[in-house]
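See below for the structure under consideration.
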Amino acid sequence: MSEPMSTEDAATEPVPDLFAPRTPVDDRWFDDDAGPVVRLFSMTGGRARPADDGLFDLISLVTAVAGAEQEATEHPLAPEHHAILALCRDEPLSVAELGSYTDLPVSVVRVLLGDLNDARLVDVTRPVQLAQLPDERLLRDVINGLRAL
Amino acid sequence: MASAHSETSALTGTDAPTGTEPARQGPWGNAALKILVAGGFGVGKTTLVGAVSEIRPLRTEEQLSELGRPVDDTHGVEAKRTTTVAMDFGRIDLRPGLALYLFGTPGQDRFWFVWDELARGSLGAVVLADTRRLADCFPSVDFFERRGIPFVVAVNCFEGTEVHAPQDVRAALDLDPQVPVLLCDARSREDGKELLIRLVEHAADRVRAARG
């Protein structure tokens, strides 16, 4: 089954002259310069949020499961999905880091991660939940870690 | 999705109070914490993040529809607009399995809803102040005070500026006596480390005080 958001589809889209000039990939998008937002929505199939919205905090840690990149070929995934899997293959990366390294807005990364999670290709660890009174052992652990830097 | 593969809580489950259940892997498992770096525009937030981080500061972007968001001040922001908010952040590996993320908060006023998301679950905040523009950090101080988030005020001693005593800054900001006020050079890794240590110690003091 071919990917509905493939480059082939993108190529048949009318060139959005209204939004010209097109920005290079490495451009940062700020405010009005964000321009053709449609392209990001097409990357996520129009979805604005992953199924489990609370799972992907900015500092939730994502790790590709063993063999994820081989397994991924059995799923209809976009190049961006594969890029994420490659990034978090060797070490856990936060959602924020994945956004930065893929140069995609976090909202888009969250949707893509939702797909990878549904396909069981990633493990996700939510951040430590700090209650009103954080555990003193954890705070001590942090202080010791900082001192050792 | 309830299957075990999809999610492992770093500590005790998503909503449970901390410290009552054994951790699953190592003392805290694979865990991430965050500290915010706040303050007025150009006060050195990203400089500080970069000075103490082990990676070069990264930038991530969040696209937000401001419709229906609780925004304190919507001046200059049209309804139903999608806005891109950029956040600079860095990472410190405290030890294997325990990562600390530092987030520079995006510009004040327009982006309070982003602050709310960033502040949720944070360990605390460093409010950077420039004595030439001390009022710039009032909104940050106010934000963390209102939400009961532990913070320290760090006066970034820019070259060529008159050095003010911490007690003067404390008085000018009308801070609680417990809130640490420190002088720093935001470019200095050692100063940055010290700020973070004082912040976490301050957070620990508050926990002890609250427990009696």
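All of the numbers you see were taken from the coordinates with simple rules; none came from a lab. Values in this document were obtained by computation on a predicted structure and should not be read as measured data. Methodologically, a virtual Cβ is constructed for each residue, glycine included, from the backbone with ideal geometry; neighbour enumeration extends over all protein chains shown.
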### Query
Taking the alpha-carbon centroid of each part, what is the distance from region B:110-141 to region A:61-78 in angstrom?
38
### Relative contact order computed over region A:49-133 (Cα-Cα under 8 Å; 6+ residues apart), in percent
47
### Query
Rounded, prolate or oblate: which one fits region B:103-195, using the alpha carbon gyration tensor with axes a ≥ b ≥ c (rounded when a/c is under 1.5, else prolate when a/b beats b/c, else oblate)?
prolate
### Task
Enumerate the residues in region A:109-146 having an amide nitrogen under 13 Å from the point lying 7 Å beyond the Cα of A:Glu71 toward its Cβ.
A:116-124
### Task
Mind running the shape call on region B:31-211? Use the C-alpha gyration tensor, a ≥ b ≥ c as the square roots of the eigenvalues: rounded below 1.5 for a/c, prolate if a/b tops b/c, oblate otherwise.
rounded
### Query
In peptide B:99-105, what is the residue-averaged number of other protein chain Cβ atoms found within 10 Å of each Cβ?
3
